[in-house]
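A short worksheet on the structure shown next.
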Amino acid sequence: MALEYELFNEEERRFLVGVDYADASSSPLLRWAEVELMHDWLIVGVDVKDRVLGPAPDKPEFSMLSLAGDLILRGTTWDEGIGFLVVPRPHDVTVIRSYVSRLADNPKTERNERIAAEEWLNQHPR
């Protein structure tokens, strides 16, 4: 799906992945981290044990964003299934745009998040 919807391409395998930088006792501290897939990679399977992209070994859950910011891909697993959500052109989705606008306008939003929200809105004017 990532290739089909152009999250990245075969030559340039870089994208952003949502990461929680908080420790276990803190509130979530979510940020985008730029990553690049190695030639051999595995997100789900018997060798995935570090919980980098999910709550438990072999239970990945992740949000990914294209470097251009024009595609979001969200994946999760359940006991007997997997699910994906693909959102092309998230800047054109009213509920997403409204959320980011509220972040940008809210004085209680952390300064760096407010700046990032303003930049995203400016990069994708209506």
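The values are calculated or read from the model by the stated rules, or taken from the named source; none is laboratory data. Predicted model, so just to flag it, every value in this text is computed and none were measured. Note that we place each Cβ from the backbone using ideal geometry, even for glycine, and neighbour counts take in every protein chain shown. Note: accessible area is taken over every heavy atom of the protein model, side chains too, but ligands, DNA and RNA are not part of it. Shrake-Rupley method; radii C 1.70, N 1.55, O 1.52, S 1.80 Å.
Which count do you get for residues in segment 8-31 that are in a loop (DSSP other than H, G, I, E, B) and within 16 Å of ASP70 (Cβ to Cβ)?
Of all residues in segment 8-31, those in a loop (DSSP other than H, G, I, E, B) come to 8-13, 21-29.
Cutting the leftovers down to within 16 Å of ASP70 (Cβ to Cβ) gives us 8-9, 12.
Residues in segment 8-31 being in a loop (DSSP other than H, G, I, E, B) and within 16 Å of ASP70 (Cβ to Cβ): 3 in total.
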_Return the pair list, or none, for Cβ contacts closer than 8 Å from residues in segment 101-125 that are of a type outside the set (Lys, Arg) to residues that are not in a helix (DSSP H, G or I), at least 6 apart or on different chains._
LEU103/THR109; ALA117/THR109; TRP120/GLY69; GLN123/GLY69; HIS124/GLY69
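Filter segment 83-116 down to the residues that are touching a Ser or Thr at 6+ places or on another chain (Cβ under 7 Å) and either open to solvent by 50 Å² or more (accessible area, probe 1.4 Å) or assigned to a helix (DSSP H, G or I) (or both) and list them by number. Explain how you work it out, then say what you get.
To start, the set of residues in segment 83-116 that are touching a Ser or Thr at 6+ places or on another chain (Cβ under 7 Å) comprises 83, 103.
Answer for segment 83-116, where residues must be touching a Ser or Thr at 6+ places or on another chain (Cβ under 7 Å) and either open to solvent by 50 Å² or more (accessible area, probe 1.4 Å) or assigned to a helix (DSSP H, G or I) (or both): just LEU103.
Would it be correct to say that PRO125 is touching a strand residue (DSSP E or B) at 6+ places or on another chain (Cβ under 9 Å) and closer than 30 Å to MET1 by Cα? Let's see the steps before the verdict.
Working: touching a strand residue (DSSP E or B) at 6+ places or on another chain (Cβ under 9 Å): no; closer than 30 Å to MET1 by Cα: yes.
Criteria not met by PRO125.
Mind listing just one residue for me: the one in segment 117-126 that is under 19 Å from the mean Cα position of the chain (by Cα) and not aromatic (Phe, Trp, Tyr) and, of those, least open to solvent (accessible area, probe 1.4 Å)?
Looking at the filtered set, the residue picked out is ALA117.
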*Among (1) open to solvent by less than 80 Å² (accessible area, probe 1.4 Å); (2) over 13 Å from the mean Cα position of the chain (by Cα) - the single one ASP40 does not satisfy*: (1)
